[in-house]
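*Asks:* Handing you a structure now.
Laboratory data are not the source of any read-out in this text; all were calculated from the coordinates shown. Source: prediction; values computed, not measured. Methodologically, a virtual Cβ is constructed for each residue, glycine included, from the backbone with ideal geometry; neighbour enumeration extends over all protein chains shown.
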Amino acid sequence: MGRFAGKVAVVAGGASGIGLAILRGLRRKGARVVCGDVSEERLATVAAEFGAGVATTRCDVTREAEVEAMMALAASRFGALDCAFNVAGASRPGYIVDLAEGDWDFTVDLCLKGVFLGMKHAARHMLGRGGCIVNIASLNAHVPMHGGAAYASAKAGVEMLTRNGALEMTPDGVRVNAILPGLVETPLTKRHFDNPAAHAAFLQRIPLGRAAQPEDIAGPALFLASEEARYVSGASLLVDGAWAVTGYPDMRPFRGRPGWPRQG
Ligand SMILES: NC(=O)c1ccc[n+]([C@@H]2O[C@H](COP(=O)([O-])OP(=O)(O)OC[C@H]3O[C@@H](n4cnc5c(N)ncnc54)[C@H](O)[C@@H]3O)[C@@H](O)[C@H]2O)c1
C-alpha cells in the first residue's frame, strides 16, 4: 500500500503545481487526502481525477474560519489528520518604491499568515497524538529578488515560523519542517518559461542545469512527512538544483526599472 497507508493528509493549495504533485504522491503511497484551494475550477478537476480518496474543499488560506473547516474536514471525512502541507502561495510583485500597500498585504497575508493559520489549525488535531507539518517556503527566504520584497520577506518569515513551530510542537509529537524550492515549472512561474531570455538567465544560476518539475519538490516534501524523517523537525530543506550557492539573476532587464520618479 505504500508508506502513507492509513494516513490522512491535508494539502492547502493542492489543486495546482507543487501542491497537486504532493497530492498525487500521497495518493500513490496510500494516503487519503483533503485538497483545499481557493480555485473552484481547479478543485473540480481534482475531484474528477481522484474520486473518493480525495475530498476537495474551497478554502482561502487567509481566512481563519475556512482553514479551520478544511482541517476539520480531514477528521470528519477520514477520521484523523496526520500530515498537513501548507503550499498555497502567490505574489503581487513590485519594487519597494512602487509597491502598493494592498499588494504587500496580499502577498504577506497569503504566503505568511496563510501558513500560520494552517499550522495552528492542523496542530490542534495532532498535538498529543502525533503528526507532521510541511511548509513550502522558497529559495527567496535566503536570496532576495528584484521586485520580490514582499514575497521574499514572507518566505523568510515562513522559515522562522517553521522553526518556532518545531520549538513549540515537537515536544507534543508534531514535527514541523520547511521546503525551500528554487525555480519550479508551474502556472505560477509560466512567464519565466515563456520568455527565453529570462529562462536562460535563471538557468545560468542553476548548477543542475534545469528548472525543477513539481514532482522534484513533492518527493522531498513527502520524505519530510514520512517515518524515514522521524528525527527531523525544525529543518529547512533547499530543493533548488544547487541554485542557492550561486545567487539570484538580475531580473531588471525583464522587469524594467522602478517606476517611481527620481528627484534631481
Ligand atoms: N513555482 C516555483 O518556482 C516556486 C518556487 C519557490 C516556492 N514556490 C512556492 O510553492 C507554492 C506552490 O506554488 P506553485 O508554483 O505550485 O503555484 P501554483 O500557482 O501552480 O499553485 C498554487 C495553488 O495555490 C492556490 N491558492 C492561491 N491563493 C490561495 C488562497 N488564498 N487560498 C488557498 N489556495 C490558494 C492556487 O489556486 C493554486 O492552486 C507557493 O507557496 C509558492 O510560493 C514556488
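*Asks:* For helix 64-78, report the angle its Cα long axis makes with the longest principal axis of the Cα atoms of the chain; keep it between 0 and 90° and round to the nearest 10°.
*Replies:* Here the helix axis deviates by roughly 40 degrees.
*Asks:* Also, I was wondering about something else. Can you compute the charge dipole magnitude of the chain about its Cα centre, using +1 on each Lys and Arg Cβ and -1 on each Asp and Glu Cβ, nothing else charged? Give it in debye, rounded to the nearest 20.
*Replies:* On the way: 28 positive and 25 negative charges, 85 e Å.
Dipole size: approximately 400 debye.
*Asks:* Still on this model: Viscosity 1.002 mPa s, temperature 20 °C: Stokes-Einstein D of segment 129-264 from its Kirkwood Cα radius, in µm² per second?
*Replies:* Values: Rh = 16.3 Å.
Using the Kirkwood radius from Cα pairs, D works out to 132 µm²/s.
*Asks:* Let's test this: bin the Cα-Cα distances of the chain at 5 Å from zero up to the farthest pair and state each bin's percent.
*Replies:* Distribution as computed: 1, 6, 13, 18, 20, 16, 12, 8, 4, 2, 1, 0, 0, 0 percent.
*Asks:* Report the relative contact order of segment 8-230, percent, no decimals, based on alpha-carbon pairs under 8 angstrom and at least 6 residues apart.
*Replies:* 20
*Asks:* May I ask you to list the lysines whose Cα is less than 28 Å away from that of K190, ignoring any residue fewer than eight positions away on the same chain?
*Replies:* Once the sequence-local lysines are set aside, what remains near K190 is K113, K155.
*Asks:* Continuing with the same structure: Hey, if you put +1 on the Cβ of every Lys and Arg and -1 on every Asp and Glu Cβ in the chain, which of A122, V61, G102 ends up farthest toward the positive end of that dipole?
*Replies:* Value computed over the given set: A122.
*Asks:* Take M251, M71 and order them by how many other Cβ atoms sit within 10 Å, fewest up front.
*Replies:* Sorted ascending by nearby Cβ count, the order is M251, M71.
*Asks:* For E40, E101, what ranking results if the residue with the fewest other Cβ atoms within 10 Å of its Cβ goes first?
*Replies:* Placing the least packed residue first, the sequence is E101, E40.
*Asks:* In degrees, nearest 10, range 0 to 90: what is the angle between the Cα axis of helix 149-169 and the longest Cα principal axis of the chain?
*Replies:* 30
*Asks:* Okay, moving on. Got a sec? How would T62, T56 order by Cβ neighbour count within 10 Å, fewest to most? Kindly include the intermediate steps, with their values, before the conclusion.
*Replies:* Values: T62 19, T56 22.
Going from sparsest to densest Cβ surroundings: T62, T56.
*Asks:* What is the helix-to-structure angle for 196-205, meaning the angle in degrees between its Cα long axis and the longest Cα principal axis of the chain, kept from 0 to 90 and rounded to the nearest 10?
*Replies:* Once rounded, the angle reads 70 degrees.
*Asks:* In nm², what is the average projected area of the convex hull enclosing the Cα atoms of segment 194-264?
*Replies:* Details: hull surface 31.7 nm².
That works out to 7.9 nm², a quarter of the Cα hull's surface.
*Asks:* Also, I was wondering about something else. Helix-only mean residue ellipticity at 222 nm, the chain, DSSP H runs n ≥ 4 weighted -39,500 (n - 2.57), per residue, nearest 500. What is it?
*Replies:* Details: 10 runs with 111 residues, N = 264.
Helix-only estimate at 222 nm: -13000 deg cm²/dmol.
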